[in-house]
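The values are calculated or read from the model by the stated rules, or taken from the named source; none is laboratory data. This is a predicted model, so every value here is computed, not measured. Virtual Cβ from ideal backbone geometry, glycine too; neighbours counted across all protein chains shown.
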Amino acid sequence: MAFVSTNSQIKNNILNYISRLVSKTLYRSIEILFKPCCDITITNVEAVCTVDGDLGNYDITITLDKGINMLGNGLLLILVDGVSIGDGPFPYNDSNKIVLLNVDINNIPGDYDVAILFLLPSSPAISLETLTPGVFTFASTGDNDVEFPSCP
């Protein structure tokens with residue numbers, strides 16, 4: 001047990017030392033790497049056809065069991081059957097409800113597994129090159145597939 005306490009103290013000392021040297025976003029990225037948040041579960045996913053009725057385009061509402069504080073800079077990739085959808089990464093607003101409008105999933109209607117990968121940019125200029133993957137397990141629907149209806 002002493003080793004765990006010492007290890008935690010080292011992490012805290014590093015975080016205290018860098019707190020005034022780096023931006024809040026970079027600090028939060030490092031803090032997440034040192035102290036992973038938690039397991040996140042997708043509790044509900046609702047996919048409805050968009051108003052224009054384009055085949056394969058959906059309005060998707062995803063509900064999580066809890067939100068994560070990413071200082072309003074979080075991004076997420078939505079994976080449907082392991083493939084990233086839409087023009088992601090999408091902005092994440094630190095809440096437990098994610099609403100995406102007019103997203104093309106590039107699949108035919110059917111039942112699919114939905115997962116989320118949380119990302120935190122390491123600098124304010126958000127691009128795929130500045131992303132640090134969050135140290136979270138995928139939030140996933142697991143064995144409960146989501147039905148994407150047939151759109152007229």
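Checking SER95 against (1) modelled with pLDDT under 80; (2) under 17 Å from the mean Cα position of the chain (by Cα); (3) surrounded by fewer than 16 Cβ atoms within 10 Å (Cβ to Cβ), only one condition comes out false. Which one?
Unmet condition: (1).
Can you tell me which residues in segment 47-98 are among the charged types (D, E, K, R) and either closer than 21 Å to SER29 by Cβ or without any contact (Cβ under 8 Å) to a residue 60 or more places away in the chain (or both)?
ASP52, ASP59, ASP65, LYS66, ASP81, ASP87, ASP94, LYS97
Do you know which residues across segment 32-83 are of a type in the set (Gly, Ala, Ser) and at pLDDT below 85?
Result: GLY53, GLY56, GLY67, GLY72, GLY74, GLY82.
Yes or no: segment 108-118 includes at least one residue that is part of a loop (DSSP other than H, G, I, E, B), modelled with pLDDT under 65 and either within 12 Å of the chain's Cα centre (by Cα) or surrounded by 12 or more Cβ atoms within 10 Å (Cβ to Cβ) (or both).
No.
Taking ILE40 and the conditions (1) β-branched (Val, Ile, Thr); (2) in a strand (DSSP E or B); (3) surrounded by 18 or more Cβ atoms within 10 Å (Cβ to Cβ), which numbered condition does it fall short on, given that it satisfies the others?
The number of the failed condition is (2).
Take segment 72-82 and flag every residue that is closer than 21 Å to ASN44 by Cβ and exposed (fewer than 14 other Cβ atoms within 10 Å of the Cβ). If you could, list the steps in order and put the result at the bottom.
Step one: of segment 72-82, the residues closer than 21 Å to ASN44 by Cβ are 74, 76-82.
Within segment 72-82, just GLY82 meets the criteria.
Just to be sure, is VAL51 more than 13 Å from the chain's Cα centre (by Cα), among the aliphatic types (A, V, I, L, M) and in a strand (DSSP E or B)?
For VAL51, the condition - more than 13 Å from the chain's Cα centre (by Cα), among the aliphatic types (A, V, I, L, M) and in a strand (DSSP E or B) - is not met.
In segment 54-78, what residues are assigned to a loop (DSSP other than H, G, I, E, B) and in contact with a Gly (Cβ under 9 Å, 6 or more places away or on another chain)?
Scanning segment 54-78 gives ILE68, MET70, GLY74.
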